[in-house]
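Accompanying notes for the structure given below.
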């Protein structure tokens, strides 16, 4: 037995030692000296206490090579997984369950567009040369280091990263902004299958007698196909565990309104949570250039950034740059559709999708003159009507690479305006300030001119002029403001003022109004402290506004002292969402049950789930609650009489039953922080028990949908896992930009067991900030990159 125990101890020690060296071999190297053959001169990389690299190079090319190198050692798997998503290559590593996602992204022709984009680049431009240098750095790290742990688990074979990958990821970002794939099928179904009266709660300015009022002739199988397409679009990103872009806050305040007398810039883009987080922070310094930036995977140019002279943040414009178009098929030739009165033949290409442990799958991609046909992604279940997509990302020159290269250097209004004009898709609001005292905002997008009377919120009829585009508006017509008299700018995804109608899927104005309410106060002098309080604010009028017309009914249906007390707590509730609130939990469950009771019988499971995943539902539910005569209150398919009072009673009973079953009979245990939690999910953490190893959390989460601290969950039954929120929080007072504040939701590194894998997660959820250190910092460690002799 002693020999057996000794042998077992040796085996365990060997396994532990092997495991240690395996893990240690995968960790980023943040000190010492490394030789890079492509470097022209030595580069210093100083790491701060959060694992952020501060790169000092002697020329721009080496600066971007070094960024690519250190970015790769912290985030190579993130780079790999996002390029695979964008290019439709996930099934090769995850198996057939991701075949639908791959087919969808290939149908969108992102790969083709990336190839065309690269072909037309000026290969001698500074932006192109910087991208190539960055990719050299990424590939140099990949070629000379062990594969990340995720590569071993999934069997990923390393291959070089290319400019086409970078542009493909820009296409993924543009797709994740596009709400049309979910919203347009749902609203068109409601219009054509239920009737115009059912659209009133959405406030869409629907005009059935408009200049172009024809409807696409859709069969029952087409509606099922569109239903599946909307569902697939929603699931495409979440199934891969990859961040999706959702919204954002940003504001700039001129020196006349700040305590320091210099402009103050704030920003917190709202993106789905994941491990690692979307942004990679790095300070870049070379002769004539310095920037503290926030970088996306495979992009050398910061999407957010600042230095001592200027800075910017961004929000989603929410303009509708996607039109779904139902094509009319030639009854004598199913490969032809009617466009401008003529039958035109669909183009076709064949592609193969590699599938893990299975034979490759061949797909046929078709395209009409309006754009790619997307419903064929559903295979045999697709309806007979081809659905084409017109997408600005495919239809504009979109020199976004050059645009962000210039944004990273835009220290004046003129430079920033010129850079913004080069960002055409996806639509972005750029909010900017500089130390000289200027502030500005530009809605960056190339906006199409549609025929008068066309509402692109619905599926358009491709056989008519509905689907035509009459050109694009000039950038000068886009919404924008420079040094406004108000002394501040706020952007929060609401519909902006404009000289022409700009269709879009805008968020409710509540969040923007809350920010504006505070920023408009002439007595307040803004600084980092009260700006933090505003970024962390968790109050919205949405709940009290929705409840107001229903309180009298709730008071009637409440049974017993406990229920009556809960109703009175709701009546007194100010719409705040701290972690200890019971009213927040009660309202959110009631909101779902009310929506289900009113809408589900008309829509069924899939259309109901699709609709409540869109922004359209946010505006609809308060209007529904206020309209006692809405047809949604009628019970479809039942002889049972129903009205608003009946629906409210049913929803209230369901709400209480669900909360009691889920959290116990005592309402004191229904606290928001127990019901509303944040877990940062890794793509491998979607599979149990790997979630215990790769995911970070859960944490009790304050905030909710459409409050400044926009920690949002989907409408549904409790509990509510938070899906998206501030992807960073930034505050820069240009009186001393070196003291700017920031926070990462998880950590700087994407490498499991690295100290910086999840070291900021607790500070983030508790509302703490760290300094975005700039210049010669007290380094935790220093990595020297030197050229090969």
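The one condition from (1) more than 24 Å from the chain's Cα centre (by Cα); (2) under 25 Å from residue 398 (Cα atoms); (3) surrounded by fewer than 22 Cβ atoms within 10 Å (Cβ to Cβ) that residue 466 does not meet is (3). Of the helices (runs of 4 or more DSSP H) lying entirely inside region 100-207, those carrying at least 2 residues that are touching a residue at least 12 places away in the same chain (Cβ under 8 Å), in contact with a strand residue (DSSP E or B) (Cβ under 6 Å, 6 or more places away or on another chain) and under 22 Å from residue 90 (Cα atoms) are 163-177.
Here residue 247 fits the description: modelled with pLDDT under 95 and either surrounded by fewer than 24 Cβ atoms within 10 Å (Cβ to Cβ) or under 26 Å from residue 747 (Cα atoms) (or both).
Assess whether residue 311 counts as being under 30 Å from residue 138 (Cα atoms) and either surrounded by fewer than 24 Cβ atoms within 10 Å (Cβ to Cβ) or touching a helix residue (DSSP H, G or I) at 6+ places or on another chain (Cβ under 9 Å) (or both). Steps first, please.
Numbers: under 30 Å from residue 138 (Cα atoms): yes; either surrounded by fewer than 24 Cβ atoms within 10 Å (Cβ to Cβ) or touching a helix residue (DSSP H, G or I) at 6+ places or on another chain (Cβ under 9 Å) (or both): yes.
When the stated conditions are applied, residue 311 passes them.
Does residue 699 qualify as being over 27 Å from residue 433 (Cβ atoms) and in contact (Cβ under 8 Å) with a residue 12 or more places away in the chain? Answer is yes for this residue.
Here is a list: 606, 610. Which entry is modelled with pLDDT under 95, surrounded by fewer than 16 Cβ atoms within 10 Å (Cβ to Cβ) and within 33 Å of the chain's Cα centre (by Cα)? Outline the logic, then answer.
Working: 610 fails: surrounded by fewer than 16 Cβ atoms within 10 Å (Cβ to Cβ).
After ruling out the rest, the residue left standing is 606.
Residues that are touching a strand residue (DSSP E or B) at 6+ places or on another chain (Cβ under 9 Å) and surrounded by fewer than 21 Cβ atoms within 10 Å (Cβ to Cβ) were ranked within region 258-284; the one that is farthest from residue 782 (Cα to Cα) is 259.
The set of residues in region 514-554 that are assigned to a loop (DSSP other than H, G, I, E, B), under 26 Å from the mean Cα position of the chain (by Cα) and in contact (Cβ under 8 Å) with a residue 60 or more places away in the chain comprises 536, 537, 538, 540.
Quick one: would you say residue 209 is within 30 Å of residue 691 (Cα to Cα), surrounded by fewer than 21 Cβ atoms within 10 Å (Cβ to Cβ) and modelled with pLDDT under 70? Spell out the reasoning first.
Values: within 30 Å of residue 691 (Cα to Cα): no; surrounded by fewer than 21 Cβ atoms within 10 Å (Cβ to Cβ): yes; modelled with pLDDT under 70: yes.
Against the criterion (within 30 Å of residue 691 (Cα to Cα), surrounded by fewer than 21 Cβ atoms within 10 Å (Cβ to Cβ) and modelled with pLDDT under 70), residue 209 does not qualify.
For the subset of region 458-475 comprising residues that are in a loop (DSSP other than H, G, I, E, B) and out of contact with any helix residue (DSSP H, G or I) (no Cβ under 9 Å at 6 or more places or on another chain), which member is farthest from residue 370 (Cα to Cα)? Checking each candidate, the answer is 474.
When residues in region 618-651 are screened for being over 21 Å from residue 552 (Cβ atoms) and in contact (Cβ under 8 Å) with a residue 60 or more places away in the chain, 4 of them pass.
The values are calculated or read from the model by the stated rules, or taken from the named source; none is laboratory data. The shown structure was predicted, so the numbers you read here are calculated from the model rather than taken from an experiment. Cβ coordinates were reconstructed from backbone atoms using ideal geometry, including for glycine residues, and neighbour counts include every protein chain displayed.
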